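Just below is one structure, and these are the notes that go with it.
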Amino acid sequence: MTLARVLRQAAVVVVAAVFAFPLYWVVVTAFNSHGGVFSIPPNFVPSFHTGAFDYVVTHTHWFRYVANTFFIAISTVVLVVATSAMAGYALAELNFKGSGFFFLMVVGVMMLPAQALLIPQYAVALHLHLLDSYTIQIIPFAASTFGIFLFRQFFKSLPREYVEAARLEGASHLRYIWKVALPLARPAVFTVVLLTFIGSWNQFQWPLIMTTSHAVQPIEVALSHYTQTFEENWRKLTSAVLLALLPIVLLFVLLQRHIVAGVAGRDAGVNA
């Protein structure tokens with residue numbers, strides 16, 4: 001092993017440690033005792049006190065917030081996969097006038113900052129009486145430009161023989177999508193599912209503006225409430241943060257191989 005390679009690996013370890021330390025400190029704080037949080041010198045080893053976790057689960061509306069977040073995230077994932085698959089298939093396989101223009105429009109929408117549209121979107125939601133509901137947290141995110149782009153690329157890479165064989169069997173476009181194209185584009189499906197779920201789970205600005213009732217708000221908004229409720233009790237706040245992170249971490253661990261394959265275009269290839 002050369003000196004240059006050793007230095008590169010050492011640099012990678014140092015950078016990884018710098019980025020991982022804040023999360024590690026959250027873990028240490030959440031499992032620490034009340035006095036240990038403010039001890040000097042600080043204790044860098046978790047004490048594994050679980051009282052803060054018990055308090056968050058039993059003395060707050062934690063399960064309500066979690067149920068809201070799961071419902072919103074899963075509903076959004078289902079709608080995004082369905083709309084992205086159909087739109088991606090249309091742009092990849094159907095020859096219609098203006099298909100190239102519509103594809104450029106999809107790519108262009110990806111470049112728009114979401115904050116620039118907040119005021120007109122709020123006005124529309126107000127006039128449609130959608131504020132403070134599950135609907136306003138799901139329907140605006142039921143289509144994904146990234147999902148459409150990714151499915152279009154995967155569907156274009158599939159051999160034409162599959163489409164022709166399906167047509168000879170009398171299969172409709174929808175049947176071909178669900179029975180043939182989607183199973184072959186599993187890396188794209190897993191990628192869209194994971195990124196959509198994470199994006200929906202981490203939504204904060206949108207539900208904070210569009211909702212006011214705790215009955216429909218997701219976990220990220222709850223964490224902002226906890227910063228006021230728990231005040232200086234960092235153990236309870238960091239415990240809530242770790243509980244909110246757990247589903248995302250588990251999902252990423254389970255699907256990380258598929259998301260790498262999906263983004264890299266492996267197994268199916270990516271065509272322009």
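When the charge dipole of the chain is built from unit charges on Cβ atoms (+1 for Lys and Arg, -1 for Asp and Glu) and taken about the Cα centre, the candidate among Val221, Tyr162, Leu194 whose Cα reaches farthest toward its positive end is Tyr162. So which DSSP H runs in the chain come out at 20 Å plus along the axis (Cα) with average Kyte-Doolittle of at least -0.5? Counting only whole DSSP H runs, the qualifying helices are 3-31, 62-93, 186-201, 234-264.
Put +1 on the Cβ of each Lys and Arg and -1 on the Cβ of each Asp and Glu in the chain; which of Leu254, Leu118, Phe101 then has its Cα farthest toward the positive end of the dipole? Going by the Cα projections, it comes out as Phe101. Mean residue ellipticity, 222 nm, helices only, the chain: the sum of -39500 (n - 2.57) across DSSP H runs of n ≥ 4, divided by residue count and rounded to 500, is -22000 deg cm²/dmol. In straight-distance terms, cross-link reach from Lys156 covers every one of the lysines whose alpha-carbon lies under 22 Å from its own, apart from those fewer than eight places away in the same chain; here that gives Lys97, Lys179. Got a sec? Which residues in the range 79-105 would a label at Glu164 touch, if it sits 7 Å along Cα→Cβ and we count backbone N under 19 Å? 92-95, by backbone N distance to the label point.
Residues of the range 18-61 with the amide nitrogen closer than 12 Å to a label point 7 Å from the Cα of Leu246, along Cα-to-Cβ, please. Backbone N within reach: 53-58.
Rounded, prolate or oblate, given the Cα gyration tensor of the chain, with a/c below 1.5 counting as rounded? Don't skip to the answer; put the middle values down first.
Working: a/c = 2.45, a/b = 1.50, b/c = 1.63.
Since a/c reaches 1.5 but b/c is at least a/b, the shape of the chain is classed as oblate.
Only residues of the range 156-193 count here: report those whose backbone N is under 19 Å from the spot 7 Å along Cα→Cβ of Leu254, or say none. Hits in the range 156-193 for Leu254 at 19 Å: 183, 186-193. Taking every pair of alpha-carbon atoms in the range 1-49, what share in percent sits in each 10 Å bin, from 0 to the bin with the longest distance? Each 10 Å bin holds this share of Cα pairs: 25, 33, 21, 16, 5.
Figure the gain on full extension for Val124 and Ala17 (residue separation times 0.36 nm, minus the Cα-Cα span) and round it to one decimal in nm.
Values: separation 107, 0.36 × 107 = 38.52 nm, distance 4.54 nm.
Between Val124 and Ala17, full extension yields an extra 34.0 nm.
Computed from the Cβ-Cβ distance with R0 of 51 Å, the FRET efficiency linking Ala215 to Thr2 stands at 0.25.
Sorted from fewest to most neighbouring beta carbons within 10 Å, what does the list Met105, Met111 look like? Show your work: numbers first, answer last.
Values: Met105 11, Met111 7.
Least crowded to most crowded, the residues run Met111, Met105.
Comparing Cα centroids, the range 181-230 and the range 1-76 end up 19 angstrom apart. Across Asn32, Asn202, Asn95, mean-square fluctuation computed from a Gaussian network of the chain (C-alpha pairs under 10 Å connected) peaks at Asn95.
We did not get these values from a lab; they are worked out from the coordinates using the rules stated. Small disclaimer: the values here were computed from a predicted structure and weren't measured. Note: ideal-geometry Cβ built from the backbone for every residue, glycine included; neighbour counts use all protein chains shown.
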